[in-house]
1. Out of the residues in the range A:59-79 that are in contact with a helix residue (DSSP H, G or I) (Cβ under 7 Å, 6 or more places away or on another chain) and within 26 Å of residue A:159 (Cβ to Cβ), which is surrounded by the most Cβ atoms within 10 Å (Cβ to Cβ)?
2. Being closer than 21 Å to residue A:172 by Cα, buried (at least 19 other Cβ atoms within 10 Å of the Cβ), touching a helix residue (DSSP H, G or I) at 6+ places or on another chain (Cβ under 9 Å) and at the interface with chain A (Cβ under 10 Å from one of its Cβ atoms): is that true of residue B:89 here?
3. Among the candidates B:99, B:77, which residue alone is exposed (fewer than 15 other Cβ atoms within 10 Å of the Cβ), more than 7 Å from chain A (Cβ to nearest Cβ) and at positive phi?
4. Does residue B:121 count as in a helix (DSSP H, G or I), more than 7 Å from chain A (Cβ to nearest Cβ) and surrounded by fewer than 18 Cβ atoms within 10 Å (Cβ to Cβ)?
5. For the range A:44-65, does any single residue satisfy the condition of being within 26 Å of residue A:162 (Cβ to Cβ) and modelled with pLDDT of 90 or more?
6. Of the residues in the range B:102-118, how many are facing another protein chain (nearest Cβ under 10 Å), farther than 22 Å from residue A:169 by Cα and in contact (Cβ under 8 Å) with a residue 12 or more places away in the chain?
7. Consider residue B:45 against the criteria (1) over 17 Å from residue B:83 (Cα atoms); (2) within 14 Å of chain A (Cβ to nearest Cβ); (3) in contact with a strand residue (DSSP E or B) (Cβ under 9 Å, 6 or more places away or on another chain): it satisfies all of them except one. Which criterion is unmet?
8. Does residue B:2 qualify as being touching a helix residue (DSSP H, G or I) at 6+ places or on another chain (Cβ under 9 Å), more than 26 Å from residue A:87 (Cβ to Cβ) and either within 10 Å of another protein chain (Cβ to nearest Cβ) or in a helix (DSSP H, G or I) (or both)?
């Protein structure tokens, strides 16, 4: 009796196994296509990890280039500032000398007037004085030179003011550098997920502190300053509640 | 007699601010590269009576410097003019909340610098 029960159980199990084999046969093409897919995807994944590694290795070079650009522009700006400072100094010295000449001419005119009134009427002397007075008109030219010097000095000063662009662009470049750093961190993390081996050239570290303004812009319209002025002028009448609201 | 402390990590900007101050007739200056250096200069020079500072600087930022000065019993009354590229409303409000006396957005003009210094001096 027991043997017949066991045999029945065995036949049932064999039936189940038969069904399973039947299903397995149906699964074979699916498994085959999965294997084919894996065969295709493995080189593709290798390509991806290789691309990540290549991109990552290029990042330090890119940041290095940005640093070089920043350093070069700072150096060039300093040189321009030095030249403009020297120019301004020369202009100031020249203007000072010119003022001395103008002052001396004024004194000469005063002396001439005194001579004119002291010397008795003589046609030859009068003619000489007249010729001298004509030469005095050069004073107008001296004043024009003085005005031109002042204009050149103002222009030189304006060049100096325009060099603020160096600080603004260096902040923009720092922002780009930070962005590149973020991309590198992502690449490293992605690579670590795909591959057990860690990427090399990971010397670029992101700092928590941002010593740049990513929105720095060289705008000379004055609109932003006007906005700042209006906020500041209204600040006294702005309650702490209103300020807090901006930060909530 | 005004003695300025000009704080900016950009050598170019410090020179531009100093040139502008000279053009306005001021001749007493001290320079600092960042907020920490500024604090050191302030603690070693009691003659400094006007601060012009940038915001974005390494080590100690301009905003942290302002907060440190306002939190100091000895220095809290010093006038502070912030000169920065940060030009959005929230930044200006944050600087005001930290108690800067006035705010200039780069690039600035000499006229704006003169106006702000005079405004601060008039109210102090």
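The values are calculated or read from the model by the stated rules, or taken from the named source; none is laboratory data. No experiment lies behind these values; they were computed from the predicted model shown. When we count neighbours, we look across all protein chains shown, and the Cβ atoms used for this are built from the backbone with ideal geometry, even at glycine.
1. First, pick out the residues of the range A:59-79 that are in contact with a helix residue (DSSP H, G or I) (Cβ under 7 Å, 6 or more places away or on another chain): A:59, A:62-63, A:66, A:69-70, A:73-74, A:77-78.
Now narrow it down to the ones that are within 26 Å of residue A:159 (Cβ to Cβ): A:66, A:69-70, A:73-74, A:77-78.
Numbers: A:66: 16, A:69: 14, A:70: 18, A:73: 18, A:74: 17, A:77: 24, A:78: 15.
Looking at the filtered set, the residue picked out is A:77.
2. Values: closer than 21 Å to residue A:172 by Cα: yes; buried (at least 19 other Cβ atoms within 10 Å of the Cβ): no; touching a helix residue (DSSP H, G or I) at 6+ places or on another chain (Cβ under 9 Å): yes; at the interface with chain A (Cβ under 10 Å from one of its Cβ atoms): yes.
Taking the combined requirement at face value, the residue does not satisfy it.
3. Values: B:77 fails: at positive phi.
Only one candidate passes the filter, namely B:99.
4. On the way: in a helix (DSSP H, G or I): yes; more than 7 Å from chain A (Cβ to nearest Cβ): yes; surrounded by fewer than 18 Cβ atoms within 10 Å (Cβ to Cβ): yes.
Against the criterion (in a helix (DSSP H, G or I), more than 7 Å from chain A (Cβ to nearest Cβ) and surrounded by fewer than 18 Cβ atoms within 10 Å (Cβ to Cβ)), residue B:121 qualifies.
5. Going residue by residue through the range A:44-65, those that are within 26 Å of residue A:162 (Cβ to Cβ) are A:65.
Then keep just the ones that are modelled with pLDDT of 90 or more; that gives A:65.
Within the range A:44-65 (the criterion being within 26 Å of residue A:162 (Cβ to Cβ) and modelled with pLDDT of 90 or more), the answer is yes, since at least one residue qualifies.
6. Residues that pass the stated criteria total 2.
7. (2)
8. Values: touching a helix residue (DSSP H, G or I) at 6+ places or on another chain (Cβ under 9 Å): yes; more than 26 Å from residue A:87 (Cβ to Cβ): yes; either within 10 Å of another protein chain (Cβ to nearest Cβ) or in a helix (DSSP H, G or I) (or both): no.
Considered against the rule, which asks whether it is touching a helix residue (DSSP H, G or I) at 6+ places or on another chain (Cβ under 9 Å), more than 26 Å from residue A:87 (Cβ to Cβ) and either within 10 Å of another protein chain (Cβ to nearest Cβ) or in a helix (DSSP H, G or I) (or both), residue B:2 comes out as no.
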